[in-house]
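The structure under discussion appears below in the form of structure tokens.
The values are calculated or read from the model by the stated rules, or taken from the named source; none is laboratory data. Since the model is a prediction, treat every value here as computed from it, not as a measurement. Cβ sites come from the backbone with ideal geometry, for glycine too, and all protein chains shown count toward neighbours.
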Amino acid sequence: MIPPLAPTFDAALRDVRAQHPRFRGAAAARLGEPPPERRDEAVLGLLELAKDDTGAVREAAYESLGGLGALEGLATLLDAFEDGHMGARQAAVLAVGRVAPEEGADAIAALLDDARPEMRFSAIWTLSYLGSGHADRIATGLRDEDQEVRLLAVQCLGELAASGYADAIAALLEDSSDAVRFAAATGLAALGDGRGAAMLRAALNLPDRAFPAAIGLGDLEDRGSLAALTRLATHPWRSPILRAAAARALVRLGDPAGIEVLRKLVRSWRIEARQYAVQLVGELELTALVPDLARALRRARRAERPVYETTLEQLAPKSDAAKALLASLR
């Protein structure tokens, strides 16, 4: 079935009471992006859609209320933690985190004891969005009976740089779930802890894990993986995204071969590889590749320019050429 075209704002207001749920769902999505002067009308429409008989429509309404930061909808969203539609109640948890990050934090944290694993999962996800100040609460998920919840807790603590939980994460290197064990290894690497390095080295040979393993080993600057990372970075038939991740690790290990791989990927005809390589040039502060960025930029699509701009902003303090190229973009 072909989805309806995105309605105009006025059409979306009318479609709040449309007969078909797919039009009401499209209205809920559109009302999440109102003209600034018509925000109040959008919120009223969304509060009505939040009572819709169709779960997917309520889900879209909750998402839009969250996107608008509509504090007027807080009570509705809190009640929706008991919505009969799983996607809707998960959307409500995320929305509360955006609508009321302070007032709603305790209600979200209370879900960590909820019998429904998807609600504990949503609580951890939302608390991670609220910041590292909630790391203690997130860490309770490391002991959860559900492996998806444990896995998410590890990932969130790694992303939040919560190094105080390294020992608790390391304990999961012996978890019953292979996915959780691997997540523990990558999470530890994000914290600069090498206790999972052996597992990451082994994962370089696994297609679905080689990318995060290469990132983790690069974060650790793990010299024991140098030969394997070199093979990945220079292999002509491996994914260019994977080759870029391996090249990143080589650069962090001080191997100039990584720079040459990124130089080639900046010129790649594949847009996703090119954009990732450009992003890494900025992250790694590779000012020697500014001329390559300039050449690539001349044939880049307009939609790619924000990636170049971000990279050049990172390079400009150390490179006059990057500063001049950035000025030309603006």
* **Ala233, sole failed condition from (1) at pLDDT 95 or above; (2) within 26 Å of Gly282 (Cβ to Cβ); (3) out of contact with any Lys or Arg (no Cβ under 7 Å at 6 or more places or on another chain)** => (3)
* Filter segment 179-192 for residues that are under 18 Å from Leu226 (Cα atoms) and of a type outside the set (A, V, I, L, M); which is nearest to the chain's Cα centre (by Cα)? -> Thr186
* **Neighbours by Cβ (under 9 Å, 6+ apart or cross-chain): first from segment 298-309, outside any helix (DSSP H, G or I); second aromatic (Phe, Trp, Tyr)** => Ala300/Tyr308
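Filter segment 99-115 down to the residues that are assigned to a loop (DSSP other than H, G, I, E, B) and touching a helix residue (DSSP H, G or I) at 6+ places or on another chain (Cβ under 8 Å), then identify the one that is surrounded by the fewest Cβ atoms within 10 Å (Cβ to Cβ).
Step by step, filter segment 99-115, then rank; the result is Glu103.
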* May I ask you to say which residue of Gly194, Gly131 is small (Gly, Ala, Ser) and within 30 Å of Pro101 (Cβ to Cβ)? => Gly131
* What do you reckon, is Val281 under 20 Å from Pro212 (Cβ atoms) and either of a type in the set (A, V, I, L, M) or surrounded by fewer than 19 Cβ atoms within 10 Å (Cβ to Cβ) (or both)? -> no
* **Residues located in segment 8-22, provided they are assigned to a helix (DSSP H, G or I) and either at pLDDT 95 or above or surrounded by fewer than 19 Cβ atoms within 10 Å (Cβ to Cβ) (or both)** => Phe9, Asp10, Ala11, Arg14, Pro21, Arg22
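If you go through segment 215-261 one residue at a time, how many are in a helix (DSSP H, G or I), of a type in the set (Asp, Glu) and crowded, with 19+ Cβ neighbours inside 10 Å? Spell out the reasoning first.
Within segment 215-261, the first condition is being in a helix (DSSP H, G or I), and the residues that meet it are 215-220, 223-234, 240-252, 257-261.
Next, only the ones that are of a type in the set (Asp, Glu) stay: 219, 260.
Filter once more, so that each one left must be crowded, with 19+ Cβ neighbours inside 10 Å: 219.
Total meeting the criteria: 1.
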* Asked: Taking only pairs six or more apart or across chains, which ones have beta-carbon atoms under 7 Å, a first residue in segment 269-285 that is on the phi > 0 side of the Ramachandran plot, and a second residue that is buried (at least 16 other Cβ atoms within 10 Å of the Cβ)?
  -> Glu285/Gln314; Glu285/Leu315
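Taking segment 76-107 on its own, how many of its residues are within 20 Å of the chain's Cα centre (by Cα) and under 20 Å from Leu130 (Cα atoms)?
Going residue by residue through segment 76-107, those that are within 20 Å of the chain's Cα centre (by Cα) are 87, 90-99, 101.
Remaining after also requiring under 20 Å from Leu130 (Cα atoms): 90-99, 101.
Adding up the residues that qualify gives 11.
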* **Failed item in (1) touching a Phe, Trp or Tyr at 6+ places or on another chain (Cβ under 7 Å); (2) over 22 Å from Leu68 (Cβ atoms), with Ala92 passing the rest** => (2)
* Do the conditions hold for Ile108, that is, is it of a type in the set (Val, Ile, Thr), within 30 Å of Ser176 (Cα to Cα) and touching a residue at least 24 places away in the same chain (Cβ under 8 Å)? -> no
* To do: For residues that are closer than 16 Å to Pro240 by Cβ and among the hydrophobic types (A, V, I, L, M, F, W, C), tally how many sit in segment 301-330.
  => 1
* Structure fact -> Sole miss for Glu48 among (1) modelled with pLDDT under 95; (2) closer than 23 Å to Gly84 by Cβ is condition (1)
